[in-house]
Structures are given as C-alpha cells and as structure tokens.
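The values are calculated or read from the model by the stated rules, or taken from the named source; none is laboratory data. Everything numeric here is computed off the predicted structure, so don't read it as measured data. Neighbour counts are summed over all protein chains in view; Cβ atoms, including those assigned to glycine, are modelled from backbone coordinates with ideal geometry.
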Amino acid sequence: MDALSNLRANPLAYAAEQHPDHEFLPLTTVIRTWEQQGVDCAAWHTGYADLTTRYGDLGLTQFLPPDRFLVAVSSTRQQAFGGFHHPNQGYRHLQMVALVTAYGDMNAEPSELAVLDLLRGYAHDCLHYGSARRYQWRDGEVVRTQYGINYRSAEGRSYSARDKEGAESTRNLGVVMEGACDREARSITRAAADTHAITEPAGLDRYAYRDVTGSLTEGDVAALAAGVPGEGPEHTLYLSSMGRYQATVNGRYGRFLDRIGGPEASGLHSTILAAMISGDMRGLCAWLDGRFGPGAFAALFMTPSYLALAS
C-alpha cells in the first residue's frame, strides 16, 4: 500500500512529468474558469447529474475526484491540438489520476464542443476509476491481477488474447471494457447535447461532434482511415487516431454486443458494466451461460496460455 500511496501522492507533478509542454488544472477549476470566460457549460452539469444517476444504478458509489481529473488547457507548443484522442493521456490506475487535454487548439478559446469532449472524457474515466481492481506485490513491483472483468496472472499472462489485425468484432477483455466505458460515456454526452440543443458544427469539427456523441458513420471511419488533413500536423494526427479508435474499440465492441447479445445487447452492456464495477463475475457468467451454456465466459475469452504453469 505504501508503494501505491507514493505513486499517487502528487498528481499535478505527475502530469507535468508526462506532458511538460502543457499546463494542467483540476476539472472544477477548468469548468469555473470557462464559465467566467462566458463559455456555456450547462451541458457539463446536465451530463454530470445524468452520470451520477446512471452509474449509481450500476453500483458505482464513488466517482473520480475532480482534483484527480487534470485538464491541460494551454500549451507552449504551437498548434498543439487537444481532446480525447490526444497522445499519452487517459486514466492511470497506479497513479489513480486521469490526464486529459481540452479539445481543439489548446491556445485558443474553448468551445461548446470542448465542453462535450470533457464530459465524454470524465464519464469514460469515471468508469475506469470505479472498476474493481486487485493488486499483488511481486518481485518489488505492484502487479494488477484483476481489473473489472479482466485478469492477468501474477507472472504477467493475460486472460484473453489480442484481437487479430482487421478483426471486425472482439474477444479481448481489454477492448470489451474500453468499449463499454466509451459506449456509456458517449451515450451520456449525446443526451446532454440533445438537452441543450448543441448540434453538429460545420467543417472538420463535425467529426469530433460525431465522435463524442457516438454517431460516427462507416463512411466517416473510412475517410479518417484514408487520411483527413487537419488544420495542422497535430490535428491531422488527432483525426487519424479518432478513426483508429472507432474502428478497433467502439466498432468492435458494438459488433460484439450485436453478435453475442442480439436483441438483448443493451442488457448485456449493462451487465458488463455492473460486473466491471463490482468485480463480481457471477451475474455476467450467468447471463452468458443462460444463452450459450456452462463455461461460456471462458469459452469466449480465455486464451489457453493463461492457466499455463509458471516455469
């Protein structure tokens, strides 16, 4: 526990080490500052209220503390472009902190789209934070052996194998969990956008709007894969990362739900989230066993090497 406490002691210092070009502020400071600047953050407040209700129904009672959700709002790098798909960001379980960047040109005024992107990021990382975890101390290092519905042996063997290149669906538990987090986060963001009549903008920002609201089309993914020129090098890379994430995470998870859940896909999604939060696999295993027979979870996901004896 002392090792974990040391890793988690100073989140702002950790953020500065990871992104020395960026200035990070806690979430509540960012929202307050943006509102003082005249940015309409009503969608954030609506989304947060929705999030607490939805996640509470799933069994989550402790949410990611705002002072551990750090947002980079400016950068010394010219044409630095932020948002959900910025490199080297997201939730870090050992440090128990989320590092994110405000959407768009990081040295320009924030927009309503930046508010939606921030809501999507917080809703997403809140589920990562709230997922059950189990750690072991091995050979002088902290090893995470359970994360939600995913497992790793103390020797480092993963429960499920990586998806093959070009796979349409997924049998990888990391992708399932990532996809489940983002599906729920984008649903919350889409509802907030609808409530406040925030509509799709023109130009390249239309891709980001569709991304945060879960409405990217197959045509969008194909265009992003082919390469959409941005307003600068970092924006171009951002759009490419967006397309890759949609194809390899959200697209695969959506097809997994369709193929395994069928008409009960929504119920399967909720069951996965509840199991992630509690760490109790009985409900999810019972759901799968009831439709595919005993041992369905292992049959779907477990790689043979997981139970191999340590050499």
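Checking the stretch 247-257 against the condition returns no match, with no residue being among the small types (Gly, Ala, Ser), surrounded by fewer than 18 Cβ atoms within 10 Å (Cβ to Cβ) and in a helix (DSSP H, G or I). I'd like to verify a number: residues in the stretch 23-62 that are small (Gly, Ala, Ser), part of a helix (DSSP H, G or I) and exposed (fewer than 14 other Cβ atoms within 10 Å of the Cβ), how many? So the count comes out to 2. For the stretch 63-75, the criterion of being surrounded by fewer than 14 Cβ atoms within 10 Å (Cβ to Cβ) and among the basic types (Lys, Arg) is satisfied by no residue at all.
The listed residues are Gly230, Gly261, and the only one of them that is assigned to a helix (DSSP H, G or I) and over 22 Å from Tyr147 (Cα atoms) turns out to be Gly261.
Can you pull out the residues in the stretch 36-74 that are among the acidic types (Asp, Glu) and more than 17 Å from Tyr103 (Cβ to Cβ)? Result: Asp50, Asp57, Asp67. Does any residue of the stretch 195-212 turn out to be under 21 Å from Leu300 (Cβ atoms), in contact with an Asp or Glu (Cβ under 9 Å, 6 or more places away or on another chain), modelled with pLDDT of 95 or more and in a helix (DSSP H, G or I)? No, the stretch 195-212 contains no residue that is under 21 Å from Leu300 (Cβ atoms), in contact with an Asp or Glu (Cβ under 9 Å, 6 or more places away or on another chain), modelled with pLDDT of 95 or more and in a helix (DSSP H, G or I). Screening the stretch 74-124 for residues that are of a type in the set (A, V, I, L, M) and in contact with a strand residue (DSSP E or B) (Cβ under 6 Å, 6 or more places away or on another chain) and picking the one that is nearest to Gly214 (Cα to Cα) gives Ala114. For the stretch 134-145, the criterion of a residue being hydroxyl-bearing (Ser, Thr, Tyr), at pLDDT below 95 and on the phi < 0 side of the Ramachandran plot is satisfied by at least one position. Mind checking which pairs have a first residue in the stretch 129-158 that is within 18 Å of Val175 (Cβ to Cβ) and a second that is exposed (fewer than 13 other Cβ atoms within 10 Å of the Cβ), Cβ under 6 Å, 6 or more apart or different chains? Correct list of pairs: Gln146/Arg134; Arg157/Ser305.
Inside the stretch 93-104, residues that are at pLDDT 95 or above and in contact with a helix residue (DSSP H, G or I) (Cβ under 8 Å, 6 or more places away or on another chain) make up a count of 7. Scanning the stretch 94-101 turns up no residue that is surrounded by fewer than 24 Cβ atoms within 10 Å (Cβ to Cβ), of a type in the set (S, T, N, Q) and out of contact with any Phe, Trp or Tyr (no Cβ under 8 Å at 6 or more places or on another chain). Going by the conditions given, is Ile260 aliphatic (A, V, I, L, M) and within 14 Å of Arg171 (Cα to Cα)? Spelling it out, Ile260 is indeed aliphatic (A, V, I, L, M) and within 14 Å of Arg171 (Cα to Cα). The condition (being at positive phi, out of contact with any strand residue (DSSP E or B) (no Cβ under 7 Å at 6 or more places or on another chain) and loosely packed, with under 15 Cβ neighbours inside 10 Å) is satisfied by just one residue among Gly283, Gly295, Gly279: Gly295.
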